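Peer 1: The structure follows.
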Amino acid sequence: MAFARSEYEHDEWEGAILIGGHTGLRLGDIVSLDQSNVYMDRLVVTPRKTTDAVEIPMTPPLARWVEGKIGAYFPLLSTKTKPTLSSTFTRIMKRAGVPRDIELPGRNQLGRRSFHSLRHSFASWLADSDVHADVRKKLTGHKA
């Protein structure tokens with residue numbers, strides 16, 4: 001079974017995954033992005049779960065993906081329900097050979113990967129790069 005209906009939807013998923021990994025944004029916030037969220041070399045977003053705008057520097061791969069795009073970045077994905085997006089992402093992981101179930105360090109239980117795992121990876125990469133906890137909280141939309 002194919003995970004994308006068109007090359008446009010494939011490009012949207014590529015962008016959504018890229019943005020998720022490079023910004024830590026939630027999928028619901030990502031699919032609502034458009035060109036008005038780009039200010040110079042930053043994404044400026046007010047995540048749905050907060051009231052404060054967050055400015056996130058764009059990495060070179062992310063800047064290349066948004067370059068030249070006009071209007072809504074995810075016109076197809078933004079029409080999907082959260083369960084549909086989640087199940088599609090699970091199929092994308094499966095096709096890419098990424099196991100959904102994982103062993104959690106120091107625990108005798110399994111965890112599950114989901115799109116939200118990209119958010120955790122982003123926060124971990126920031127911590128591994130010695131980014132101060134207050135900055136990590138700000139970038140991920142948490143209260144400092």
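Peer 1: Every residue in segment 84-94 that is farther than 16 Å from Glu12 by Cβ and over 16 Å from the mean Cα position of the chain (by Cα), please.
Peer 2: Within segment 84-94, Lys94 is the sole residue that qualifies.
Peer 1: When you go through (1) among the hydroxyl-bearing types (Ser, Thr, Tyr); (2) surrounded by fewer than 18 Cβ atoms within 10 Å (Cβ to Cβ); (3) under 19 Å from Leu126 (Cα atoms) one by one for Thr51, which number turns out not to apply?
Peer 2: Just one mismatch for Thr51, condition (3).
Peer 1: Could you check segment 14-27 and list, in sequence order, the residues that are part of a loop (DSSP other than H, G, I, E, B) and aliphatic (A, V, I, L, M)?
Peer 2: Correct list: Leu25 only.
Peer 1: Same structure, new question: Give me the pairs, please: first residue somewhere in segment 41-64 and basic (Lys, Arg), second residue anywhere and outside any strand (DSSP E or B) and open to solvent by less than 80 Å² (accessible area, probe 1.4 Å), beta-carbon distance under 8 Å, and either six or more positions apart or on two chains.
Peer 2: Arg42/Met58; Arg48/Arg26; Arg48/Gly28; Arg48/Asp29; Lys49/Arg26; Lys49/Gly141
Peer 1: Let me ask you something else. From Gly106, Gly97, which residue is under 20 Å from Gly21 (Cβ atoms), open to solvent by 40 Å² or more (accessible area, probe 1.4 Å) and without any contact (Cβ under 8 Å) to a residue 24 or more places away in the chain? Step through it out loud before you land on a result.
Peer 2: Values: Gly106 fails: under 20 Å from Gly21 (Cβ atoms).
Unique residue meeting the criteria: Gly97.
Peer 1: Can you pull out the residues in segment 111-144 that are surrounded by 11 or more Cβ atoms within 10 Å (Cβ to Cβ) and of a type in the set (A, V, I, L, M)?
Peer 2: Answer for segment 111-144, where residues must be surrounded by 11 or more Cβ atoms within 10 Å (Cβ to Cβ) and of a type in the set (A, V, I, L, M): Leu118, Ala123, Leu126, Ala127, Val131, Ala133, Val135, Leu139.
The values are calculated or read from the model by the stated rules, or taken from the named source; none is laboratory data. Bear in mind that the values here come from a model prediction, so they are computed numbers and not experimental data. Glycine also receives a Cβ, built like all others from the backbone with ideal geometry; neighbour counts cover every protein chain displayed. Ligands, DNA and RNA are excluded from the accessible area calculation, which covers all protein heavy atoms including side chains. Shrake-Rupley method; radii C 1.70, N 1.55, O 1.52, S 1.80 Å.
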